[in-house]
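All remarks here apply to the structure that follows.
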Amino acid sequence: SCVDSSASEADERLRQIIMSPAKKKTDELYEPGVTPTQAEVLAFNDIIRNGVPARSAVFGTARLELIRSKDFAKWCRENAEVVRSSGLLKHADVDVEKMTKALAELLIERRCLVNAQRKFLKPPPGQRRLIKFPKKVLPVAGAEGKLFHEDGFMCWTYDRPMPTWVYVVSALCAVGVVLLCLFPVAPTPVKVGVLYFSTTVLAVVTSLLVIRMVIALLSYIVSGRTVWVYPNLLDDTLPFWDAFKPVLGVEVPELSTTKDRLKHYAARLLMAVTVGIVTVVLYRNTPGQESLKKNVGRYRDDLFDYFNVYNKRDMLGDGKKEGADSSEDAKKADIDDPFDLDLDDLDFDDLDLEDAEVPDKEL
């Protein structure tokens, strides 16, 4: 099919870029007789990768890091002195635009970067504009694939080296898993701290999602536009800190025809009715303040008992502690309750039932 052929072409293009030998370029911007070594190019390339935003994208069947050429050019303009002092180019006073173009084509020639283009040229259904970073790209064929185009895209052809903090975090995650397995036998203060920390994080995340949903619903019902707080919060393709950028985002629906507008108004009316019904139901079934104050301690105790915070039962599965506690409780009950009689210990043969008075009414 068309998709399989395009994917195979992209894989073949990437294989040629990686496997083909690097060609020496005789451009006037390069130092004559002093060609940058591949190690120098890769070292400076890693510096650029740390400053240019990238996203994961599918290049054929391979998954590579995608950058926008305009972001690459922006980084070069903002760090012109760093590029000039790198020693990769000849003239220190060269024009910034020429320097950016020459540096990008050097990285393409050394197989650090490869030009890419969008696979889908139309916006997805329900969106007015193309997304900033496409999820699927194709190679740029021919001589254009060796040139720098500021309005295009480029992909890094190799994985960036793992920073030290990745290994540290991986080791901490392994230690955390072991500590979680030891939770049943942990001291009571540790259990209380872990439980309070977990519930606090859960409450913060839930509150943020609820506030985000309420603002989006109200803005959609009132104005027809959806205002999102942290619009990238649930995007799993972004790094952690980028999920909180920007703070606000506005989604404007595309209403080009009368049918689209009628559907839009009907959806807003239906949403308003639904929100009103849910609000009334929740308001009528919400427990009172006195009830919450009375039961909040019980809820906490039930939660602590469920996670065995005070080690009231054996969490290792042998059941000895629980059985021992139950037997001790039974002995205490026998002593404390004088009306708890054992009928097997009574001798009914010694009872004289002939002289017993029978009441007139049945008990």
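The values are calculated or read from the model by the stated rules, or taken from the named source; none is laboratory data. Everything numeric in this text was worked out from a predicted model, so none of it was measured. Please note: Cβ atoms are built from the backbone with ideal geometry, for glycine as well, and neighbour counts cover all protein chains shown. SASA here: full protein model, heavy atoms, side chains in, ligands and nucleic acids out. Shrake-Rupley method; radii C 1.70, N 1.55, O 1.52, S 1.80 Å.
Do we have LYS263 as open to solvent by 90 Å² or more (accessible area, probe 1.4 Å) and at pLDDT 85 or above here?
Values: open to solvent by 90 Å² or more (accessible area, probe 1.4 Å): yes; at pLDDT 85 or above: yes.
Yes.
For ILE67, the requirement of being within 29 Å of the chain's Cα centre (by Cα) and either at pLDDT below 65 or farther than 25 Å from ALA141 by Cα (or both) is not met.
Scanning the range 227-238 for residues that are exposed (fewer than 12 other Cβ atoms within 10 Å of the Cβ) and farther than 29 Å from GLY51 by Cβ yields a count of 0.
State all residues of the range 128-146 that are under 23 Å from ARG225 (Cβ atoms) and either in contact (Cβ under 8 Å) with a residue 40 or more places away in the chain or in a helix (DSSP H, G or I) (or both); if no residue qualifies, say none. Please lay out each step first, then the result.
The first filter runs over the range 128-146 and keeps only residues under 23 Å from ARG225 (Cβ atoms), leaving 128-132.
Hits for the range 128-146 are ARG128, LYS132.
Look at the range 239-258 and say how many of its residues are open to solvent by 70 Å² or more (accessible area, probe 1.4 Å), farther than 19 Å from TYR220 by Cβ and among the charged types (D, E, K, R). Of the residues in the range 239-258, 1 are open to solvent by 70 Å² or more (accessible area, probe 1.4 Å), farther than 19 Å from TYR220 by Cβ and among the charged types (D, E, K, R). Can you pull out every residue in the range 54-78 that is surrounded by fewer than 15 Cβ atoms within 10 Å (Cβ to Cβ) and either in contact with a Lys or Arg (Cβ under 9 Å, 6 or more places away or on another chain) or farther than 27 Å from LYS119 by Cα (or both)? Matches in the range 54-78: SER56, ARG77, GLU78.
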